[in-house]
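Colleague: I have a structure here, written as structure tokens, and I will follow up with some questions on it.
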2 protein chains.
Amino acid sequence: MFNKVLVSDDLGSINQGVLTVLESMRAKTVQQVQYCDDAYLKIKKGYLDQTPYDLLITDLSFVKDYREQNFRSGEELVIALKQEYPELKIIIYSVEDRLQKVRLLMNDHKANAYVCKGRRGLIELGKAIEAVHNEDIFVSPQVAAALSKKTSLEIDDFDINLLKLLSNGLSQDEISVSLKNNNISPSSLSSIEKKLNKLRIQFKANNAIHLVAIVKDLGLI
Amino acid sequence: MFNKVLVSDDLGSINQGVLTVLESMRAKTVQQVQYCDDAYLKIKKGYLDQTPYDLLITDLSFVKDYREQNFRSGEELVIALKQEYPELKIIIYSVEDRLQKVRLLMNDHKANAYVCKGRRGLIELGKAIEAVHNEDIFVSPQVAAALSKKTSLEIDDFDINLLKLLSNGLSQDEISVSLKNNNISPSSLSSIEKKLNKLRIQFKANNAIHLVAIVKDLGLI
DNA sequence: TATAACCTTACGGGAAACCATAATTACAAA
DNA sequence: TTTGTAATTATGGTTTCCCGTAAGGTTATA
């Protein structure tokens, strides 16, 4: 497991949970900071002292206070660190769940994992640490769509609407009526069948139940 | 406040936070162990010496190491202790947030409080200690649904398993086969239909799709 | 032992979903 | 206008789900 880990987050209490996960995974030494600049300096010093950190877990947003900072966000920190030390593993741990942001950090800034804070955040953080340790990448399911462009890009508002109606307990017949009432086209039973069939294939679902379960896990509805 | 408290958790650092909370609440003597077996022996010894502990705060998961253990989880420890010493107060302090687990420990095993580790874990732990000291129970807000919902009280592991299989895309026929293969009874198609019908009524679901969507939202699966 | 209450399983009819194919419509390019 | 393509709708057949009824089995209690 990782030898030297740095946790960067401006809220002390959140750190506590992250530290818990790290210790349960037997990380050797774990340190934490509450400012991006501190994170940068600690990592730089680690390299100079020949005892580099091999993992950074950082938040994205840091509230400003009296201390003047060079790095105003986790994103700037990631950019600078990945430029100087490309081999340093970085896991983003943030409430931010916009796909655009995730895509930017993973694809352009080469972060190694992106975990959304939330009810399952710590569990996913564990998986992320595991994955990154195995030279793999990880992103939370709810924002996984950000990387697999093909699937998510083909899904439009109509599909989402369809899935929502379906998950609300309407039969395909009732969905047809509902769409007709709202003057949404296409609305025929046959078209609805076709769309749902396409979605089932896209998400590798066995049936409509499975489909709804999958898209719910992905946070699409 | 409590006189004699035992904290059981395999991660030293978490203990530190718990001890801090206990101190701030003026608990007299606080001791800690990192193995379930040690916790059991200490509590047993306390009773034999006429100086019994009056509160146990324990984790659920303990990673295995070289030491052979009789109790492999906090759950087993709780069951044993509550059987022998029903009056001993027990607070669960765990990352586990599945409602099913919470329900089992609170309702069946008669734990006195359930606190989820996490960002507000220590704060809630304080509240839990307070509540238990007043002969009350406590569960973290995020899992409070486990106790409050009348409907979910009647839902057992079989039902959860059924819903999981259903959400994994298995047809009722396939579920029947799966249960037979695992020697789980009942397993007939007819019984599965009946159980699912009952669940649909309980959760006011129109059909199986709706049912899965609802229980997913509730966090039951 | 008898009885009642409940659980499990079996069966059948109707509804909805699933699947393939064909007919119709809409629309852009020739 | 004609033609070709794609989207939408329609149709029929098969499977699965939904729902009632009923037969056999188990358990608790008198």
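Colleague: Can you list, shortest first and in nm, the gaps between the label point of B:Asp157 and those of its counterparts in the other copies, using a point 7 Å from Cα in the C-beta direction?
Modeller: Values, ascending and in nm: 4.8.
Colleague: How about B:Lys42: which aspartates and glutamates have a C-alpha closer than 18 Å to its C-alpha, ignoring those fewer than 8 places off in the same chain?
Modeller: Result set, ordered by chain and number: B:Asp9, B:Asp10, B:Asp54, B:Asp59, B:Glu68, B:Glu75, B:Glu76, B:Glu84, B:Glu87.
Colleague: Listing B:Arg200, B:Arg26, B:Arg72 from the residue with the fewest other Cβ atoms within 10 Å to the one with the most, what is the order?
Modeller: B:Arg26, B:Arg72, B:Arg200
Colleague: Where does the Debye-calculated log10 I(q)/I(0) of the range A:149-218 sit at q = 0.19, 0.26 Å⁻¹, using only Cα point scatterers of equal weight, no solvent?
Modeller: Relative scattering, expressed as log10 I(q)/I(0), comes to -0.72, -1.30.
Colleague: Using alpha carbons only, what's the Rg to Rh ratio of the protein assembly as shown with Rh from Kirkwood?
Modeller: 1.01
Colleague: Continuing with this model, one more query. Could you work out, residue by residue across A:122-134, how many beta carbons of other chains sit within 10 Å of that residue's beta carbon, and then give the average as an integer?
Modeller: Average neighbour count from other chains, rounded to a whole number: 1.
Colleague: If we sort A:61-71, B:55-65 on the protection proxy, mean other Cβ atoms within 10 Å, highest first, what's the order?
Modeller: By packing density, highest mean first, the sequence is B:55-65, A:61-71.
Colleague: Okay, helix-only estimate at 222 nm for chain B: each DSSP H run of n ≥ 4 adds -39500 (n - 2.57), divide by all residues, round to 500 deg cm²/dmol; what do you get?
Modeller: -14500 deg cm²/dmol
Colleague: While we're on this one: Using modelled backbone amide H atoms (1.01 Å from N, in-plane), which distant-in-sequence or interchain residues come within less than 5 Å of A:Val139's amide H?
Modeller: Those lying under 5 Å, H to H, from A:Val139 are A:Tyr114.
Colleague: Given charges of +1 on the Cβ of Lys and Arg and -1 on the Cβ of Asp and Glu, with all other atoms neutral, how large is the dipole of the protein assembly as shown about its Cα centre, in debye to the nearest 20?
Modeller: 720 debye
Colleague: Which of the pairs B:Lys28/B:Lys117; B:Lys110/B:Lys194; A:Lys198/B:Lys194; B:Lys44/B:Lys101; A:Lys64/A:Lys101; A:Lys110/A:Lys195 have their Cα atoms more than 28 Å apart in this structure?
Modeller: Flagged as over cut-off: B:Lys110/B:Lys194; A:Lys198/B:Lys194; A:Lys110/A:Lys195.
Colleague: Next question, about the same structure. Relative to the other copies, what are the label-point distances for B:Thr51, with labels 7 Å from Cα along the C-beta vector, expressed in nm at one decimal and sorted shortest first?
Modeller: 4.0
Colleague: Under 1.5 on a/c is rounded, so check that first for chain B, then, if it is not, pick prolate when a/b is larger than b/c and oblate when it is not; a ≥ b ≥ c are the square roots of the alpha carbon gyration tensor eigenvalues.
Modeller: prolate
Colleague: Distances from B:Lys194 to the same position in the other copies: list them in nm, one decimal, shortest first, using label points 7 Å from Cα along Cα→Cβ.
Modeller: Those separations, rounded to one decimal, come out as 4.4 nm.
Any read-out appearing in this document is the output of simple, stated calculations on the displayed coordinates, not a laboratory observation. Just so you know, these numbers come straight off a predicted model, no measurement behind them. All Cβ positions, even for glycine, are placed from backbone atoms using ideal geometry, and neighbour counts span all protein chains on display.
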